Structure formats: structure tokens, C-alpha cells
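*Asks:* First the structure, which I've put down as C-alpha cells, then a few questions once you've had a look.
Bear in mind these aren't lab numbers, they're just calculated from the coordinates by the rules spelled out. Since the structure is predicted, the reported quantities are computational estimates derived from the model, not experimental observations. So basically every Cβ, Gly included, is an ideal-geometry build from the backbone, and we count neighbours across all protein chains shown.
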Amino acid sequence: MKINRKKIENLLREKIQYGKSSDQELADILNVHPSTVSRWRNRFGIPPADKFEKRFRKKYGKNSIEIFKQMIEEEDSLQKIANRFGFTREYARQVYNKLYSDSDKLVRPRRRGRYKKAS
């Protein structure tokens, strides 16, 4: 069976970058072993999918990311956000860092307080 390299590359890019699919999920779609998908991904220079948001939604609910971001925009404290979701303030800080890139981050005052938009 001849494999069309361009089609495989496009499929991997689409499913990993936009669909956040894992190697195992792609292997099931393509009916190959996950290590084959990993090899193809590495050959094409495609990093593995960041599945954080997918796992977070699965654990905390369908709209959990949107709720988290809304609470940040409303300048709620990390402790209040942590209490809402049932995890620690430290994990709320880690989620915040994961969801917001450096350019999107809000500035936190030196004293304890709420995050505010950078001016």
C-alpha cells in the first residue's frame, strides 16, 4: 500500500494542532500503531498536542475554561477561583499560566490582590 506523505502530514497537522488529538487517537483513526504516528509526527516536525484544555474540560465541565477566564477577567482572586473549582490556589495559578500566554497575562500587584489587565 502506497502512503501519500502530504495527506498524512496534513491530517496530522489538522488533528494535532486544531483537534488536540493524541497519538493514540490518531492511530485508531489511521489503523496503525501509536509509535507509527509518533514517528510520522517527528519526521514532519509536528510537536505533540497540548491536551491540557481537553483534559481540564473533561474533569471540570464543558464550559470550565470559559468560566475560569471569565472569573479572571472579573478580577476574582485565585483563591476564589480555586474554591469554585475545588482545587488549590497553587493549581489555579498553574492553570492561569497554562491558559494565558506571556502576552495575554494579566498583571498582579505586588501586594496580595487580584489580577488586573496590563496597561
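*Asks:* Can you tell me which residue in the stretch 49-67 is surrounded by the most Cβ atoms within 10 Å (Cβ to Cβ), limited to those that are among the small types (G, A, S) and part of a loop (DSSP other than H, G, I, E, B)?
*Replies:* Among them, the one singled out is A49.
*Asks:* Name the residues in the stretch 64-96 that are over 15 Å from F52 (Cα atoms) and of a type in the set (A, V, I, L, M, F, W, C), would you?
*Replies:* Result: I67, M71, I72, L78, I81, A82, F85, F87.
*Asks:* May I ask you to say which residue of A92, A82 is within 15 Å of the chain's Cα centre (by Cα), free of Cβ contacts under 8 Å to residues at least 60 places away in the same chain, surrounded by 15 or more Cβ atoms within 10 Å (Cβ to Cβ) and in a helix (DSSP H, G or I)? It would help to see each step written out before you state the result.
*Replies:* Working: A82 fails: within 15 Å of the chain's Cα centre (by Cα).
Just a single option satisfies the conditions, and that option is A92.
*Asks:* Looking at (1) assigned to a helix (DSSP H, G or I); (2) touching a residue at least 40 places away in the same chain (Cβ under 8 Å), find the lone condition where E75 falls short.
*Replies:* The number of the failed condition is (1).
*Asks:* Given the conditions (1) surrounded by 14 or more Cβ atoms within 10 Å (Cβ to Cβ); (2) part of a helix (DSSP H, G or I), report the number of the one that I46 does not fulfil.
*Replies:* Evaluating I46 over (1) surrounded by 14 or more Cβ atoms within 10 Å (Cβ to Cβ); (2) part of a helix (DSSP H, G or I) leaves (2) as the failure.
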